[in-house]
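Everything below concerns the one structure shown next.
No value in this document is a laboratory result; all are computed from the given coordinates. In this text the structure is predicted, and so the values were computed from the model without any measurement. Cβ atoms come from the backbone with ideal geometry, glycine included; neighbour counts cover every protein chain shown.
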Amino acid sequence: MELPPKVKNILLLDSEGKRVAVKYYSDDWPTNTAKEAFEKAVFTKTQKTSARTEVEVTELENNIIVYKFAQDLHFFVTGGQEENELILASVLQGLFDAVTLLLRGNVDKREALDNLDLIFLCFDEIIDGGIVLETDATVIAGKVGIGSTDPNAPLSEQTISQALATAREHFTRSLLK
Amino acid sequence: MAQPLVKKDDDHDDELEYSPFMGIEKGAVLQEARVFNDAQVDPRRCSQVITKLLYLLNQGESFTKVEATEVFFSVTKLFQSKDTGLRRMVYLIIKELSPSSDEVIIVTSSLMKDMNSKIDMYRANAIRVLCRIIDGTLLTQIERYLKQAIVDKNPVVSSAALVSGLHLLRTNPEIVKRWSNEVQEGIQSRSALVQFHALALLHQIRQNDRLAVSKLVGGLTRGSVRSPLAQCLLIRYTSQVIRDMANHGQSGERPFYEFLESCLRHKAEMVILEAARAITELDGVTSRELTPAITVLQLFLSSPRPVLRFAAVRTLNKVAMTHPMAVTNCNIDMESLISDQNRSIATLAITTLLKTGNESSVERLMKQITNFMSDIADEFKIVVVEAIRSLCVKFPLKYRSLMTFLSNILREEGGFEYKRAIVDSIVTIIRDIPDAKESGLLHLCEFIEDCEFTYLSTQILHFLGIEGPNTSDPSKYIRYIYNRVHLENATVRAAAVSTLAKFGFMVESLKPRITILLKRCIYDSDDEVRDRATLFLSVLGGDGTVDTDQETKDFLFGSLEVPLVNLETSLKNYEPSEEAFDVNSVSREVKSQPLAEKKAQGKKPTGLGAPPAAPASGFDGYEKLLSSIPEFAAFGKVFKSSPPVELTEPETEYAVNVVKHIYDSHVVLQYNCTNTVPEQLLERVNVIVDASEAEEFNEVTSKALNSLPYDKPGQAFVVFKKPAGVPAVGKFSNTLTFVVKEVDPSTGEADADDDGVEDEYQLEDLEVVAGDYMVKVGVSNFRNAWESMDEEDERVDEYGLGQRDSLGEAVNAVTDLLGMQICEGTETIPTNARSHTCLLSGVYIGNVKVLVRAQFGMDSSKDIAMKLTVRAEDVSVADAIHEIVACG
């Protein structure tokens, strides 16, 4: 317990428990099969619960899992049994809010897949190797959404809408092609 | 991989399953990745391809070495693009591809350029990527920039460097330790996250220096930490300091308690929780110290946020194990949680209530739980069942309502684990509460009438065979047992036959009738069942002289003397030959389980429980090793192998530990040596042992180790002769002698012309103690074993153990000294207990079974007294045990 709080994984699954995006920071699940088994167990266990307004929490295989659902997306953050669940919850909330900002409020599977690069970047900005990097949603979204309009602009002066505009344009183009 | 393979053209027809990655295929994406090599980089298209690659990796697809290398090389070309979005994706994919060290060189210069870029985002990310893929030599080159980055005015850059430092500390501690000053500055940062990361890193750097940690904590608790996360860390470190201080005998007022208590009033809930938890986990926490923590947790219980309720009830549940009284104030809030939407919270609330409930509330509680049981999953039910079992042990008078509850749920639907938990609980209750026996056995009988689990049926039949014959009316169980012979599969039938035989043997009046039943079984279709029936018929048909009675009893009821795991290993090692396999050659030592496994099994029921899983290494490893050395074969069978004793400090050049193998008239010392210097090869490694302080031992021979390369452990042996069957003790001083040769670390080859230099290395002393002659052998039922030993031969004495910190310490000291197996879970001592009884069992050299009952008591000044009662098959051994304790 002398170590800083550690996140073991972040899972973003769809309404059937399939992977949208996941990131593991712990060796507890060494193979893809083990990972999938864990995802399935987590999904089945939480499937019937409602976690649409508040962050919910459960225990599984000596892990604490906090989760929140939105439309057909299920967000999970896992930590060890000794972990402070409120820290995990703040990570989850940060992730959830940042994704909401980045997807302009349309938090569903299709939008997430269309903007998968933003989701990956979002994971990358929240946790680094299991250590909490940032939990403030606006900061995370801001860092992820850095646009190509002015590469020399300092971080703080970039607005999210700017960033989102770039991202939107970026993907509309790729889809219409 | 979760996506169905559909042709791309069909994409838009199926709106429901639409995905931009529909029909994506690795080969095609790898082809697409060739755009990275185009002279004119198209940032959008490249980002898109990288996203696809990341998607594939994320779905569990793996790239071959060649594919990964190819992608990596073409990705590096994208550094020429100035597009920031693309650069972010490049960073991401490099981290995912985790290139090998020779490939890393290609990107180092690009990343180093970004590290010094004017764009903050580039700096922060380049640091994180570089630190992820870099090795020690490159790290020294960029160290300067990292130190700068730590104190960068942009918090994102600073955090990136600090977090990278945390990761690098594991691989390159000596380098990261040089950054202390910069990190120290980070703690003063105005940014909350930088402060958090800096504190984490600074603590990690100093973690082995108790004084420094204590100073760090002392300084910060006076209040300069703003970030809630950093405050949580500080609380963790503070409790560590408190623990250390207690361990080092600093008594008096608990330091820093006030700080923890003040954190309970922090505005961030995560800090409040962290502090409350820290307080509840303090060693020997008093109820006065607990009260404020319990109060804030109680407030959390009625929070609208599930996470808060969960956190609170989970913490209170733990507190209830040690301080049930402190939690009773929360009982009303807790009862309303039984119907909580979140089942994890409800289950925790129930089990907490079961722990804190008093005798009068049991019935009401059981009623509430009955309503709740039907709509929760098996795993939650198991937790509840286990809580009920401990409740029953606590309030034996209430066994009736609890037993009714258990038998009701036993009849309902449920999986194997759940049923087993119930059966285990009933068995425990029957064992602990004699009054509950008859009704409990009948519940079990009813259960096996309709039980789909062979394992449970056989276990219950076995248990019936032991407990059934001693009841007031044994005949009523016969019907249930004999029904099994008609209705079940062969395994259960065989178990039923054995059980019948036990009834027949123990209850004289039933014998003729059982004989008839058994005779019917000899026409069974399964040969095991027929064999057993025939065997038991002949046993029961014996003329009943006292002598054979004893033998029959042993045969029917005696347990196998050797642990099954050991028997299995020995059987596997046994090679078919003229010589028959001898059960007596199997080691009787119970192996201690690896720690991880122990943890997992710690909560397992003590009832019927399956035998513990076999540990991977340990004794069987030694057995193979020793039997491979012909010189040792003549010594006979190893009586005991001790756990390894370290003879060097950790992190020295040569790591040596020793294993003591005790034979009847020899002792073999096995020195396990490891060379931790990559530049050296050791040859002719030998251990010179001075046995002048071990009079009864004479050195017979030694086996040197010819060559000891870097990081490949090897063994040297020294053999002593000692008087046969005598537990001789003594002290040995050891010196490691060897010839050192220089080695080129890159090739691992020694210079052929190098003759080497002779050198020696002083090791720590080794003692052979009386405990080495004791093998840990558990008994399944201590009370039975105890009563079967002659009371006449009991030896009792009392000892003063002086002042100790806790009872646990005294118990450990005595059990370590005796080297005996602790039975029936008596190694766990409730915190704050004033007295404790420990049950020990073992086999002393000469194959003498020994049982010990050690009663400990502590007075207010922490003086501990012990009453030691020893029963042994040989009185002289019982005396010897007392001698060991008296001398220790």
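Between B:Ser627 and B:Ala724, the modelled label-to-label distance comes to 2.3 nm, taking each label 7 Å out from Cα in the direction of the beta carbon.
For A:Ala70, the amide hydrogen comes within under 5 Å of the amide hydrogens of A:Phe75, counting only partners 5 or more places away or on other chains and with H modelled in the peptide plane.
Just to verify a number: FRET efficiency for B:Lys519 and B:Ala580, C-beta to C-beta distance, R0 = 51 Å, to 0.05?
Values: r = 33 Å, r/R0 = 0.64.
Efficiency, from the Cβ-Cβ distance: 0.95.
Name the shape class, rounded, prolate or oblate, that the alpha-carbon gyration tensor gives for chain B, where a ≥ b ≥ c are the square roots of its eigenvalues, rounded holds for a/c under 1.5, and otherwise prolate holds if a/b is larger than b/c and oblate otherwise. Write out the running numbers ahead of the final one.
On the way: a/c = 1.62, a/b = 1.35, b/c = 1.21.
Cα axes put chain B in the prolate bin.
Put one equal scatterer on each alpha carbon of the stretch B:34-139, apply the Debye formula with no solvent term, and list log10 I(q)/I(0) at q = 0.21 1/Å to two decimals. Log10 of I(q)/I(0), two decimals: -1.18. Whole-Hz Karplus values for the stretch B:203-219 come out as 5, 4, 4, 9, 4, 8, 9, 4, 5, 4, 4, 4, 5, 4, 5, x, x Hz, taken residue by residue from phi with 6.51 cos²θ - 1.76 cosθ + 1.60 and θ = phi - 60°; glycine and proline positions read x.
Give, as a single signed number, the net charge of other residues whose beta carbon lies under 14 Å from the beta carbon of B:Ser360, with Lys and Arg counted +1 and Asp and Glu -1.
Numbers: positive: B:Arg364, B:Lys367, B:Lys394, B:Lys398; negative: B:Glu359, B:Glu363.
That sum, taken over residues with Cβ under 14 Å, equals +2.
Sparsely packed loop sites in the stretch B:476-540 (the chymotrypsin sites (Phe, Trp or Tyr not before Pro) outside DSSP H, G, I, E and B with at most 13 other Cβ atoms within 10 Å) comprise B:Tyr523. Once Rg and the Kirkwood radius are both taken over the C-alpha atoms of the stretch B:360-477, their ratio Rg/Rh works out to 0.95.
List the residues of the stretch B:411-436 whose backbone N lies under 19 Å from a point placed 7 Å from the Cα of B:Thr491 along the Cα-to-Cβ direction. From the stretch B:411-436, the list is B:414-424.
Placing unit charges on C-beta atoms (Lys and Arg positive, Asp and Glu negative, everything else neutral), compute the dipole magnitude of the protein assembly as shown about its Cα centre in debye, rounded to 20.
The dipole magnitude comes to about 4060 debye.
Counting Lys and Arg as +1 and Asp and Glu as -1 over every other residue whose Cβ lies under 10 Å from the Cβ of B:Ser707, the net charge comes to +2.
If the viscosity is 1.002 mPa s and the temperature 20 °C, what Stokes-Einstein diffusion coefficient in µm²/s follows for the stretch B:350-425 when Rh is the Kirkwood radius over Cα pairs?
Numbers: Rh = 12.2 Å.
Reported coefficient: 175 µm²/s.
Basic side chains Lys and Arg get +1 at the Cβ, acidic Asp and Glu get -1 at the Cβ, and with that the dipole of the stretch B:58-130 about its Cα centre reaches some 400 debye.
Calculated over the stretch B:109-155, the projected area of the Cα convex hull averaged across directions stands at 3.0 nm².
Hey, got the dipole for chain B? About the Cα centre, +1 on K and R Cβ, -1 on D and E Cβ, debye to the nearest 20? List each step's numbers first, then the result.
Details: 95 positive and 127 negative charges, 879 e Å.
Dipole of chain B, to the nearest 20 debye: 4220 debye.
Take each peptide in B:572-579, B:390-397, B:49-56, count the other Cβ atoms within 10 Å of every residue, and average; sorted highest first, the result is B:49-56, B:390-397, B:572-579. Pairs of Cα atoms in the protein assembly as shown fall into 20 Å distance bins, from 0 up to the last occupied one, in shares of 10, 32, 37, 19, 2, 0 percent. Is the shape of the stretch B:184-307 rounded, prolate or oblate, going by the alpha carbon gyration tensor and its root eigenvalues a ≥ b ≥ c, with a/c under 1.5 for rounded and a/b larger than b/c for prolate? In terms of gyration-tensor shape, oblate. Stretched out straight at 0.36 nm per residue, the stretch from B:Lys147 to B:Asn706 would grow longer than its current Cα-Cα span by 196.6 nm. Largest first, the extents of the alpha carbon coordinates of the stretch B:239-368 on the three principal axes equal 49, 33, 19 Å. Ordering B:Tyr455, B:Ala160, B:Pro20 by Cα displacement along the dipole of chain B toward the positive end leaves B:Pro20 in first place; charges were set at the Cβ atoms of Lys, Arg (+1) and Asp, Glu (-1). Taking the dipole about the Cα centre of chain B, with the C-beta of Lys and Arg at +1 and of Asp and Glu at -1, give me whichever of B:Val848, B:Val41, B:Met774 is farthest to the positive side. Value computed over the given set: B:Val41. Between the listed residues B:Val427, B:Val700, B:Tyr482, the Cα displaced farthest toward the positive end of the dipole of the protein assembly as shown, a dipole computed from Cβ unit charges relative to the Cα centre, is found at B:Val427.
Remark: the stretch B:490-498, residue by residue, has Karplus-estimated 3J(HN,Hα) of 4, 4, 5, 4, 4, 4, 5, 4, 4 Hz, where x stands for each Gly or Pro and the curve is 6.51 cos²θ - 1.76 cosθ + 1.60 at θ = phi - 60°. With θ taken as phi - 60° and the Karplus curve 6.51 cos²θ - 1.76 cosθ + 1.60 applied, the whole-hertz 3J(HN,Hα) list for the stretch B:315-332 is 5, 5, 4, 5, 4, 4, 5, 9, 10, x, 5, 5, 8, 4, 4, 8, 4, 5 Hz, x standing for glycine and proline. Summing Lys, Arg as +1 and Asp, Glu as -1, what charge do residues with Cβ under 10 Å from the Cβ of B:Gly440 carry, B:Gly440 excluded? Net charge in that neighbourhood comes out at -1. In chain B, Cα pairs under 8 Å separated by at least six residues give a relative contact order of 4 percent. Counted residue by residue at 0.36 nm each, then reduced by the alpha carbon distance between them, the extension gain from B:Glu649 to B:Glu70 reaches 203.8 nm. Given the pairs A:Lys48/A:Lys143; A:Lys40/B:Lys712; B:Lys394/B:Lys862, which span a C-alpha to C-alpha distance of over 30 angstrom in this model? Checking Cα-Cα distances, A:Lys48/A:Lys143; A:Lys40/B:Lys712 exceed 30 Å. Under the simplified labelling scheme, the B:Glu446-B:Asn698 pair shows an inter-label distance of 7.2 nm, with each label point 7 Å from Cα along Cα→Cβ.
Applying a DSSP loop filter and a limit of 11 other Cβ atoms within 10 Å to the trypsin sites (Lys or Arg not before Pro) in the stretch B:86-135 leaves B:Lys118.
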